[in-house]
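Here is the structure we will look at.
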Amino acid sequence: MAGVDPPRSPRSAALLIVGDEILSGEVQDQNTPFLTRRLWELGILVDRIVVLGDRLPELAAEIRRLAADHDYVLVTGGMGPTHDDVTRQAVAEALGRSLVPHAEARELLAADYGDRMTPAEAGMAELPQGAQLLRGRQRLAYAFRTDNVFAFPGVPLLLQDIFEVAADGLLSAPFYKETLWVRGKEGDFSEALAAIQQRHATVGIGSYPVFLDGRYRCKLVLRSRDPAALAAALRAIETALALDTPPVVG
């Protein structure tokens, strides 16, 4: 039909969180919660999250594997000027590219550092051949994309800023979600949920227990790309649990 975009097919993504500081507990990873939430909102399913230290051979091998198995790979961290910032080189090696000076990245760095720019800082403008620069609004906020691999700085403020630019190129079929709060313990209805999950295979059903005000509650979250299937699974849960009071849905 003229003027109507074709349906978007589902897309998958993997996250690679880079940094010895993450593995040692020196820094808490704030990027994974943000990225998984925003990618889900875009209809992109994150089905693998990997955390690795600053070791070039391992990073290059993992990026190569993830890029072969996923539509998108998002790498965070290791983009600075120090000896342990090896993400640019890892992406280049993984994709069989050379690191080459990127004119736009060089201009950004020169505008900020000026004559004070060190060789190590200038090295941040070397990107895999053919890389597309992704600029944010913050000073020196940029990432790059090479094929299906996106490499972001590890600083959450910068990553979040740049991601909204990169998101324009991430298209997928949307997800739909319903939330249902139920009184009682998970064990009270685990068999019923298992049976419903088996009958409604296109709907993901998650159960998350909470203890509030001295009583157990369970938050049931239903997710699907098919709104009709989602509604059917929700009705099945309401019927199977024979709720005495109206559930909270939203």
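I need the full set of residues from the range 115-131 which are surrounded by fewer than 16 Cβ atoms within 10 Å (Cβ to Cβ), in contact with a Ser or Thr (Cβ under 8 Å, 6 or more places away or on another chain) and outside any loop (DSSP other than H, G, I, E, B), in order please. Hit for the range 115-131 is A120, nothing else. For beta carbons closer than 8 Å, sequence separation of 6+ or different chains, a first residue in the range 179-193 that is over 11 Å from L241 (Cα atoms) and a second that is outside any strand (DSSP E or B) and among the hydrophobic types (A, V, I, L, M, F, W, C), the qualifying pairs are L180/L234; L180/I237.
Just so you know, in the range 136-152 the residues that are touching a residue at least 60 places away in the same chain (Cβ under 8 Å) and assigned to a loop (DSSP other than H, G, I, E, B) include one that is farthest from the chain's Cα centre (by Cα), and it is D147.
Restricting L133, L180 to those that are of a type outside the set (V, I, T) and not assigned by TED's automatic domain parsing to the domain that holds E21 reduces the list to L180.
Kindly establish whether V210 is loosely packed, with under 12 Cβ neighbours inside 10 Å, among the β-branched types (V, I, T), more than 23 Å from I44 (Cβ to Cβ) and over 25 Å from the mean Cα position of the chain (by Cα).
Values: loosely packed, with under 12 Cβ neighbours inside 10 Å: yes; among the β-branched types (V, I, T): yes; more than 23 Å from I44 (Cβ to Cβ): yes; over 25 Å from the mean Cα position of the chain (by Cα): yes.
Considered against the rule, which asks whether it is loosely packed, with under 12 Cβ neighbours inside 10 Å, among the β-branched types (V, I, T), more than 23 Å from I44 (Cβ to Cβ) and over 25 Å from the mean Cα position of the chain (by Cα), V210 comes out as yes.
Checking each residue in the range 177-203 for being surrounded by 17 or more Cβ atoms within 10 Å (Cβ to Cβ) and closer than 21 Å to G43 by Cβ picks out E178, H200, V203.
Per-residue answers, yes or no, for (1) over 20 Å from the mean Cα position of the chain (by Cα); (2) at pLDDT below 85:
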position	(1), (2)
L158	no, no
Y176	no, no
W181	yes, no
D188	yes, no
A194	yes, no
T239	yes, no
L243	yes, yes
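Residues that are surrounded by fewer than 22 Cβ atoms within 10 Å (Cβ to Cβ), in a helix (DSSP H, G or I) and not small (G, A, S) within the range 36-87 comprise T36, R37, R38, W40, E41, L56, P57, E58, E62, R64, R65, D69, listed in sequence order.
The values are calculated or read from the model by the stated rules, or taken from the named source; none is laboratory data. In this text the structure is predicted, and so the values were computed from the model without any measurement. Glycine also receives a Cβ, built like all others from the backbone with ideal geometry; neighbour counts cover every protein chain displayed.
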